[in-house]
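The structure appears below as structure tokens.
The values are calculated or read from the model by the stated rules, or taken from the named source; none is laboratory data. For clarity, every value in this text was computed on a predicted model and none was experimentally measured. All Cβ positions, glycine included, derive from the backbone under ideal geometry; neighbour counts span all protein chains shown. With ligands, DNA and RNA removed, areas are computed over all heavy atoms of the protein, side chains included. Shrake-Rupley method; radii C 1.70, N 1.55, O 1.52, S 1.80 Å.
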Amino acid sequence: MRAQPTASHYVNGRYIDDEQGAPLPVIYPATGETIAMLRSATPNVLELAVEAARAAQPAWARLKPVERGRILRRAADILRARNADLARIETLDTGKAIQETLVADAPSAADCLEYFGGAVATYNGEAVDLGGPFAYTRREALGVCAGIGAWNYPIQIAGWKSAPALAMGNAMVFKPSENTPLSALALAEIYSEAGLPDGLFNVVQGYGDVGAGLVGHDVVAKVSVTGSVPTGRKVLSLAGSKMKHATMELGGKSPLIVFDDADIENAIGGAMLGNFYSTGQICSNGTRVFVQSGIHDRFVDRLIERTKKIRIGDPLDPETQMGPLVSKAQHDKVVGYIGIGKQDGAVLACGGNVPSLQGFDGGFFVEPTVFTGVTDNMRIAREEIFGPVLTVIPFTTEEDAIAKANDVDYGLAGYVWTGDAGRAHRVAQAIEAGMVWVNSENVRHLPTPFGGMKSSGIGRDGGDYSFDFYMETKNIAIGLGQHKVPKLGA
Ligand code: NAD
């Protein structure tokens with residue numbers, strides 16, 4: 001098998017397996033071929049991972065922040081040096097085109113390790129003058145944190161969760177998605193090679209039940225999940241019942257609003273990127289494309305012309321721009337939504353088929369698809385599809401656009417394309433979403449907060465927000481000897 005790792009799990013600085021674990025086949029989405037066979041973690045493996053993390057964490061938290069940061073920065077360098085191999089693993093695991101995984105996956109994890117490895121040395125508490133006596137705050141590590149990942153950006157998510165957690169002195173047990181278990185193991189090896197003490201970053205494989213086992217484990221103090229809204233609800237209620245810290249990075253159905261005065265060619269590029277990059281499997285995609293009536297037809301014609309030219313096929317070919325969906329289940333879901341769109345009366349303007357690609361019969365491909373004539377009450381305009389399906393919805397005025405944009409349960413992201421600076425700010429401020437990009441596509445800037453409103457999640461990642469994710473703030477109040485204590489009963 002062409003991507004078989006040494007074993008299924010990485011615990012306490014080494015690979016382990018447990019023959020009792022349920023089989024977990026790893027499928028190459030371009031062909032349907034099994035490329036590795038792993039096992040889901042048994043309760044025994046889970047216990048070993050949590051115990052290794054618990055034992056290693058206190059000494060790690062006592063190191064100088066700059067020393068912890070140095071190890072993360074060394075790991076970032078190794079990630080960059082191995083980028084070509086890691087991109088290949090990520091493409092085999094996810095099916096994403098290699099031209100994407102070479103620039104967007106391990107490199108993004110490396111940036112994150114480098115950023116938090118540097119930032120941690122500058123992160124302090126505060127001193128508060130109380131008029132003589134004073135108080136100071138300490139930012140203290142939480143202990144053992146659990147990270148649970150989705151399948152669209154496996155090594156990036158593992159990096160985004162582990163880097164700030166480790167930088168602040170925590171240990172982590174990470175469970176990748178059952179669909180994409182490979183690259184987190186590679187990251188664990190790299191951390192060890194960079195000098196991370198054993199037990200601080202552990203990887204356990206498995207389905208939702210293993211994730212739930214982690215969330216419910218008494219030693220785990222914090223849970224950070226990237227996944228769908230239904231999973232987020234389950235995790236949040238279990239974590240809540242045990243009074244644990246929990247952050248939720250969940251799904252979205254984000255508006256992308258294009259006004260008459262926008263740079264149309266750029267806006268079309270942004271819309272295409274926000275629907276077809278990573279085969280449309282990005283949480284913050286702008287999948288509801290609202291186009292003002294004056295430019296609607298021109299926008300649609302050019303969008304279709306460009307969409308038809310997207311090169312779909314072998315993800316390992318550097319010329320390929322779009323690969324398959326991650327799994328058969330996701331493929332069937334996306335094909336199902338294309339059927340629903342047609343049934344509900346939307347106009348299938350381009351794509352919508354399963355392409356036949358020589359040598360890739362067993363793959364999970366769907367053509368990049370554009371629906372026009374969509375109304376805001378159709379299911380394809382309201383539900384997260386998580387595939388290459390773009391819906392164009394016409395609007396008339398600024399007020400009309402804002403009302404339509406906010407009429408969903410999600411609130412992860414928003415995009416505004418306009419040449420009018422005042423309108424750009426007005427609309428950006430009115431959109432109910434955690435992040436809004438103006439005249440630009442979805443770019444992650446590490447020092448800025450990333451996260452959603454409404455059903456799209458709780459908490460923000462990025463910059464100091466990530467540190468808050470993984471720390472408790474303790475207030476220590478100091479008397480200076482003159483404090484009069486009431487002499488009760490004296
Ligand atoms: P999913 O919810 O099916 O699974 C996410 C992870 O949660 C997996 O590792 C899964 O095994 C685990 N899990 C499932 N049930 C669990 C339970 N009861 N307890 C604990 N863990 C459990 O999501 P997915 O299909 O892997 O990923 C796609 C979803 O992720 C989309 O909705 C997408 O929008 C979202 N996503 C969000 C962000 C973000 O930052 N907001 C980023 C990427 C993906």
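For ALA3, indicate whether it is part of a helix (DSSP H, G or I) and either touching a Gly at 6+ places or on another chain (Cβ under 7 Å) or under 15 Å from SER183 (Cβ atoms) (or both). In short, no. For region 350-394, the tally of residues that are within 22 Å of PHE299 (Cβ to Cβ) and either surrounded by 15 or more Cβ atoms within 10 Å (Cβ to Cβ) or in contact (Cβ under 8 Å) with a residue 60 or more places away in the chain (or both) stands at 25. If you go through region 294-311 and keep only what is in contact with a Pro (Cβ under 6 Å, 6 or more places away or on another chain) and outside any loop (DSSP other than H, G, I, E, B), you end up with HIS296, THR307. With the condition kept exactly as written, say whether any residue in region 242-249 is in contact (Cβ under 8 Å) with a residue 24 or more places away in the chain, under 29 Å from SER293 (Cα atoms) and away from the ligand (no atom under 11 Å from the Cβ). Taking every residue of region 242-249 in turn, none turns out to be in contact (Cβ under 8 Å) with a residue 24 or more places away in the chain, under 29 Å from SER293 (Cα atoms) and away from the ligand (no atom under 11 Å from the Cβ).
Going by the structure shown, is ALA490 open to solvent by 50 Å² or more (accessible area, probe 1.4 Å), among the aliphatic types (A, V, I, L, M) and assigned to a helix (DSSP H, G or I)?
Criteria not met by ALA490.
Restricting region 160-214 to residues that are within 13 Å of the ligand (Cβ to nearest atom), closer than 18 Å to GLU90 by Cα and assigned to a helix (DSSP H, G or I) leaves a set whose member that is most open to solvent (accessible area, probe 1.4 Å) is TRP160. Considering (1) surrounded by fewer than 18 Cβ atoms within 10 Å (Cβ to Cβ); (2) out of contact with any strand residue (DSSP E or B) (no Cβ under 7 Å at 6 or more places or on another chain), the lone condition that SER466 does not fulfil carries the number (1).
For GLU383, indicate whether it is acidic (Asp, Glu) and under 22 Å from the mean Cα position of the chain (by Cα). The answer is yes for GLU383. For region 72-101, the tally of residues that are more than 23 Å from PRO164 (Cα to Cα) and either β-branched (Val, Ile, Thr) or open to solvent by 10 Å² or more (accessible area, probe 1.4 Å) (or both) stands at 8.
The single condition among (1) touching an Asp or Glu at 6+ places or on another chain (Cβ under 9 Å); (2) not in a loop (DSSP other than H, G, I, E, B) that ILE476 does not meet is (1).
Can you confirm whether region 316-330 contains a residue that is open to solvent by 30 Å² or more (accessible area, probe 1.4 Å) and of a type in the set (Val, Ile, Thr)? Looking through region 316-330, none of the residues is open to solvent by 30 Å² or more (accessible area, probe 1.4 Å) and of a type in the set (Val, Ile, Thr). Taken as a whole, the structure leaves ASN439 outside the set of residues that are over 25 Å from PHE276 (Cα atoms) and open to solvent by 40 Å² or more (accessible area, probe 1.4 Å). Within region 134-150, being of a type outside the set (Val, Ile, Thr), closer than 20 Å to ASP105 by Cα and surrounded by 24 or more Cβ atoms within 10 Å (Cβ to Cβ) holds for GLY147, GLY149. Among residues that are open to solvent by 80 Å² or more (accessible area, probe 1.4 Å) and modelled with pLDDT under 95, LEU446 is not included.
Scan region 258-293 for residues that are within 16 Å of the ligand (Cβ to nearest atom) and outside any helix (DSSP H, G or I) and the total you get is 8. In region 421-452, what count of residues is obtained for those that are under 15 Å from the mean Cα position of the chain (by Cα) and not β-branched (Val, Ile, Thr)? Summing the residues that are under 15 Å from the mean Cα position of the chain (by Cα) and not β-branched (Val, Ile, Thr) in region 421-452 gives 10.
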